[in-house]
Amino acid sequence: MKKIQICFICVLVFFLSCQTVLAKGSVSAGEWFERGIKYEKQNVYDEAIKMYTNAIEINDKYVEAYFRRGKMYFSQHPSNCMESIRDYTKVVELAPGYADAYYERGLLYLYKIDNEKAKADMETAAGLGHKKAQEWLNPKLKEEKIKYINLSNYIPSKKESMVHFDFNRAEIKAPYYSLLDEIGRVLKENLTKAKIVVAGYADSTGTEKYNKNLSLRRAKAVQKYLSERHGIALKRIIMKGYGENSPIASNESEEGRTQNRRVEMLGVEGL
């Protein structure tokens, strides 16, 4: 009797698996792609990735599915940088004239601080007529279109758009939650097309390398808060870590060092 039951269960599992495969196979690559677009517009990145993957499994030369999946990987989390680069690389293999893929891959190489590869991709994209890549290679053109925004002018409290940190720490202190909440709301409701530069700094205590890393961790803490609490897309947040450079007060006193342990935020349009 037990053997019969086991056999029945195995047959049932096999049958359900076949039904799932048949159901999946009945949807075309284009339909999976359109579903991915819908999830992408809703910022549901993990589901969008699944849809684009289904499209690629049906058509492994689906250039636009690779491209969109590459963007979604990084939007889901910056740690997926290499997955995004692999997808963009596949795009340029299948479509060597796809300028956007070179440009996006170039941006990711910049994120990885691989400047030589970034420049090579930007030059290729620019040669294919990509305007943003051309602006990147010619900063004077870019600067003419960029508009910097003082976020303090847009938030009700008019507070300085700056968060300070304790010594050797990268955790946001509770008194700054309200400021970040105001900035998050402004980015969602008023400055919908703007990006935000989140620049981290440290005091001069410690080595230059350590302070560079600490300042970036502080910037990441602000990025995480705005992203998770207010749904600000990661692609709208530009993180910088400047270490002990550009102090706003003397590092010779504790009061000055306290001022230098900070993250500054600036809105920007035109990037």
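A single member of 266, 187, 191 is within 30 Å of residue 40 (Cα to Cα) and buried (at least 20 other Cβ atoms within 10 Å of the Cβ), and it is 187.
Is it true that residue 119 is at pLDDT 95 or above and over 19 Å from residue 38 (Cα atoms)? No: the conditions fail for residue 119.
When residue 251 is tested against (1) closer than 28 Å to residue 71 by Cα; (2) surrounded by fewer than 21 Cβ atoms within 10 Å (Cβ to Cβ); (3) modelled with pLDDT of 90 or more; (4) touching a Lys or Arg at 6+ places or on another chain (Cβ under 6 Å), just one condition goes unmet, and that condition is (1). Does residue 152 fit the bill of being among the hydroxyl-bearing types (Ser, Thr, Tyr), closer than 30 Å to residue 185 by Cα, surrounded by fewer than 20 Cβ atoms within 10 Å (Cβ to Cβ) and not assigned by TED's automatic domain parsing to the domain that holds residue 45? So residue 152 fits the description; yes.
Within region 128-145, is there a residue that is touching a strand residue (DSSP E or B) at 6+ places or on another chain (Cβ under 7 Å), over 29 Å from residue 47 (Cα atoms) and basic (Lys, Arg)? Taking every residue of region 128-145 in turn, none turns out to be touching a strand residue (DSSP E or B) at 6+ places or on another chain (Cβ under 7 Å), over 29 Å from residue 47 (Cα atoms) and basic (Lys, Arg). Return yes when residue 79 is touching a Phe, Trp or Tyr at 6+ places or on another chain (Cβ under 6 Å) and closer than 16 Å to residue 234 by Cβ and no when it is not. No: the conditions fail for residue 79. Would you say residue 214 is at pLDDT 95 or above, outside the structural domain of residue 112 (by TED's automatic domain parsing) and over 25 Å from residue 186 (Cβ atoms)? Answer is yes for this residue.
Scan 189, 264 and give me the residue that is under 18 Å from residue 149 (Cα atoms) and either in the same structural domain as residue 110 (by TED's automatic domain parsing) or in contact with a Ser or Thr (Cβ under 8 Å, 6 or more places away or on another chain) (or both).
The conditions single out 264.
Which of the residues belonging to region 233-271 are at positive phi, without any contact (Cβ under 8 Å) to a residue 60 or more places away in the chain and within 18 Å of the chain's Cα centre (by Cα)? Answer for region 233-271, where residues must be at positive phi, without any contact (Cβ under 8 Å) to a residue 60 or more places away in the chain and within 18 Å of the chain's Cα centre (by Cα): there is none.
Would you check if there is a residue in region 127-147 being surrounded by fewer than 21 Cβ atoms within 10 Å (Cβ to Cβ) and farther than 23 Å from residue 269 by Cα? Checking region 127-147: at least one residue is surrounded by fewer than 21 Cβ atoms within 10 Å (Cβ to Cβ) and farther than 23 Å from residue 269 by Cα.
The values are calculated or read from the model by the stated rules, or taken from the named source; none is laboratory data. Note that the structure is a prediction, hence the values are computed from the model and not measured. Neighbour counts run over all protein chains shown; Cβ positions are idealised from the backbone, glycine included.
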